[in-house]
Amino acid sequence: FFFSSRRRHTRCSGVSWARRCVQETGGINAEYMGIFIQFEGQNSLSYARVEYRIGYCNLERSKYDEALKHLEACKSIRTTLLGDQHPLLGEVYSAIGWVYQRQSKVNECSEAFSQCLKLYENSYGQKSLITSVAYYNLGILKKNSRDFALSEMYLKSCYNTKQEKLGENHSELSGCCVALGNLFNESGDYNQAIQYYQKGIQISVANKQETDEAYNLYNLGNIQYKSSDYKQALQTFERTYAIRQKILGENDNLTLHTLKCLNECKSRLGKIDEAVEGLNTCLLYTSDAADDLLCVDLGGRRIIKKK
């Protein structure tokens, strides 16, 4: 009995050490890993989980070759023990897809994400929350590849599933609204882009997510500016600036950039004096005046800055 208890204690310690090393450092101490392998074996599901965590940590550290090595090892073990259609392989394909996306390998990324979606659809159905994640990943990939039709299909599948399962104002919908707004913004469908940005603002306000609220407001303001609706854009940028000044501080780059946009709108509305005053801490200099800092560019107008 004593030996058995000690063996269980040593086994648990080895597992605990290995997991702690993966989570905190992205690596495994050889001594601890030896204990882990002794009791779990290199072909166990627990060992596959450690390989997955090491791979994911290397992905986050931009060590893509190392990430792929460990993720492929995880995939191999799980395939051997569970078969090639088990849903646990889905998260591995998803992580592999993210590695390829970071490496700008679009075809390999699409193949990995598609394999993940297939596994999730077969195991959980098209209307599950876990499947919606696979839809989202493919939607973002297709948007970046400018395949707007497929991107819309995947992102709307994600949005509709989350709305049905979680409710129309759940915080999980915020990312979908941003992605769909950006999709329609890039494809030139400003009406739909505005619709999703406004929905994103509504969700952010309901969940007190000020960072997301500011992001959606900023994107909405940009569309209003591009549509020459400078009065409405000014109001939107003023809201954005107030939030970013509050949570980021007045000297943060995002805050200063919002201030620039705000004063661009003022200049377009003919409020030149106000615009110049507002840009005292955030000047945009034309390229030919960048050295002597004599001019500030306000929406195409060159205003001489007083010394």
Exercise. So which helices (runs of 4 or more DSSP H) stay within the range 170-279 end to end and still have 2 or more residues that are in contact (Cβ under 8 Å) with a residue 40 or more places away in the chain?
Worked result: 173-187, 210-226, 253-268
Exercise. Restricting attention to the range 93-142, and to residues there that are free of Cβ contacts under 8 Å to residues at least 40 places away in the same chain and of a type in the set (Lys, Arg), which single residue is nearest to LEU71 (Cα to Cα)?
Worked result: LYS105
Exercise. Residue check, TYR124 against (1) of a type in the set (Phe, Trp, Tyr); (2) closer than 19 Å to CYS176 by Cα; (3) out of contact with any Phe, Trp or Tyr (no Cβ under 6 Å at 6 or more places or on another chain), all met but one. Which one?
Worked result: (2)
Problem set entry | Residues that are in contact with a helix residue (DSSP H, G or I) (Cβ under 7 Å, 6 or more places away or on another chain), under 14 Å from ILE140 (Cβ atoms) and small (Gly, Ala, Ser), drawn from the range 160-186 | ALA179, GLY181
For this session: Check TYR190, TYR120 and return the single one that is among the aromatic types (Phe, Trp, Tyr) and under 21 Å from GLY97 (Cα atoms).
Result: TYR120
Problem set entry | Subset of the range 89-128 [at pLDDT below 95 and touching an Asp or Glu at 6+ places or on another chain (Cβ under 8 Å)] | LYS127
For this session: Please find, within the range 206-244, the residue that is farthest from the chain's Cα centre (by Cα) out of those that are more than 14 Å from VAL178 (Cα to Cα) and of a type in the set (A, V, I, L, M, F, W, C).
Result: LEU234
For this session: Could you please give the count of residues in the range 230-240 that are open to solvent by less than 70 Å² (accessible area, probe 1.4 Å) and closer than 11 Å to CYS265 by Cβ?
Result: 5
For this session: Just give me the residues in the range 149-189 being surrounded by fewer than 17 Cβ atoms within 10 Å (Cβ to Cβ) and hydroxyl-bearing (Ser, Thr, Tyr), in sequence order.
Result: SER171, SER187
Exercise. Within the range 128-143, can one find any residue that is open to solvent by 20 Å² or more (accessible area, probe 1.4 Å), closer than 17 Å to ASN185 by Cβ and in a loop (DSSP other than H, G, I, E, B)?
Worked result: no
Exercise. Hey, does the range 289-298 have a residue that's modelled with pLDDT under 85, exposed (fewer than 15 other Cβ atoms within 10 Å of the Cβ) and either β-branched (Val, Ile, Thr) or part of a helix (DSSP H, G or I) (or both)?
Worked result: no
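The values are calculated or read from the model by the stated rules, or taken from the named source; none is laboratory data. This structure is a prediction, so every number in the text was calculated from the model and none was measured. Here Cβ is always computed from backbone atoms with ideal geometry, including for glycine, and neighbour counts include all displayed protein chains. With ligands, DNA and RNA removed, areas are computed over all heavy atoms of the protein, side chains included. Shrake-Rupley method; radii C 1.70, N 1.55, O 1.52, S 1.80 Å.
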